[in-house]
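The values are calculated or read from the model by the stated rules, or taken from the named source; none is laboratory data. Everything quoted here is computed from the prediction, not taken from an experiment. Note that each Cβ is placed from the backbone with ideal geometry, even for glycine, and that neighbours are counted across all protein chains shown.
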């Protein structure tokens, strides 16, 4: 359990859910981890749970460039410049996101600001931090809704995830010669606090699981392994790719 020994990793949206599971696994694999989240108290608690010697918290609103830039500058000044950045933070506005003709512009903009613009800003400042240090690994969290029609009722969310997939390929091509790798992990429906609207509705949950060939919902632990691979030297020849961890959902 030392595939990430000597590395420092920043994971956005890591106070809870998939992000927290990934950060904890990174620490178990030998990395120092930065728990970056908009909720400072939750980030501090999550970092404390991992251990002060392995983790620190950073308050970060990915939709605001000043916040992202300040966080990276602070980490660099403290000797915690990340070798690995996981752009995981995002929103899905249940009850507000909708089919295109019914979608309120404000909901569209709020989703784009966090999911797409926030991912871009995270990448932008990660690249700026990594360039002088000879490279690094950036991993984005995508979604099957950005690949097929799974999210027909979630226009804004689905569009931003498709944008993230394209952004990863573009940045990967632009910075490959600088040894900065960019890949996207595509989880299926994963049961976290983000999707309580679905988990609390047995019919909706059953309908989604019915479209997953392996026959179950995903869990944060299902995403950890591929994230470790992409963050580690084992993934040194992988860039610009999508890695589906979706129980076969996107094969249909």
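Does residue 106 satisfy the condition of being part of a helix (DSSP H, G or I), surrounded by fewer than 19 Cβ atoms within 10 Å (Cβ to Cβ) and free of Cβ contacts under 8 Å to residues at least 12 places away in the same chain?
yes
Sort out for me the helices (runs of 4 or more DSSP H) sitting completely within the stretch 141-212 that have 3 or more residues that are under 26 Å from residue 124 (Cβ atoms) and in contact (Cβ under 8 Å) with a residue 40 or more places away in the chain.
155-175
Run residue 98 past the list (1) assigned to a helix (DSSP H, G or I); (2) more than 16 Å from the chain's Cα centre (by Cα); (3) touching a residue at least 40 places away in the same chain (Cβ under 8 Å) and report the number of the one that doesn't hold.
With (1) assigned to a helix (DSSP H, G or I); (2) more than 16 Å from the chain's Cα centre (by Cα); (3) touching a residue at least 40 places away in the same chain (Cβ under 8 Å) applied to residue 98, the lone miss is (1).
Does the stretch 22-40 contain any residue that is in contact with a helix residue (DSSP H, G or I) (Cβ under 9 Å, 6 or more places away or on another chain), buried (at least 24 other Cβ atoms within 10 Å of the Cβ), touching a residue at least 40 places away in the same chain (Cβ under 8 Å) and over 20 Å from residue 230 (Cβ atoms)?
So far as the stretch 22-40 goes, yes, one or more of its residues are in contact with a helix residue (DSSP H, G or I) (Cβ under 9 Å, 6 or more places away or on another chain), buried (at least 24 other Cβ atoms within 10 Å of the Cβ), touching a residue at least 40 places away in the same chain (Cβ under 8 Å) and over 20 Å from residue 230 (Cβ atoms).
Restricting to the stretch 226-252, name every residue that is surrounded by 13 or more Cβ atoms within 10 Å (Cβ to Cβ), in a helix (DSSP H, G or I) and modelled with pLDDT of 90 or more.
226, 227, 228, 229, 230, 231, 235
Do you know which of the residues in the stretch 18-68 that are outside any helix (DSSP H, G or I), in contact with a strand residue (DSSP E or B) (Cβ under 7 Å, 6 or more places away or on another chain) and over 22 Å from residue 123 (Cβ atoms) is modelled with the lowest pLDDT?
Restricting to residues being outside any helix (DSSP H, G or I), in contact with a strand residue (DSSP E or B) (Cβ under 7 Å, 6 or more places away or on another chain) and over 22 Å from residue 123 (Cβ atoms), the top hit is 54.
Take the conditions part of a strand (DSSP E or B), within 22 Å of residue 127 (Cα to Cα) and in contact (Cβ under 8 Å) with a residue 12 or more places away in the chain and apply them to residue 5. Does it pass?
no
Could you check, for the stretch 205-223, whether at least one of its residues is buried (at least 23 other Cβ atoms within 10 Å of the Cβ) and farther than 24 Å from residue 101 by Cα?
Yes, that holds for at least one residue.
Every residue in the stretch 159-176 that is buried (at least 18 other Cβ atoms within 10 Å of the Cβ) and over 15 Å from the mean Cα position of the chain (by Cα), please.
159, 171, 172, 175, listed by residue number.
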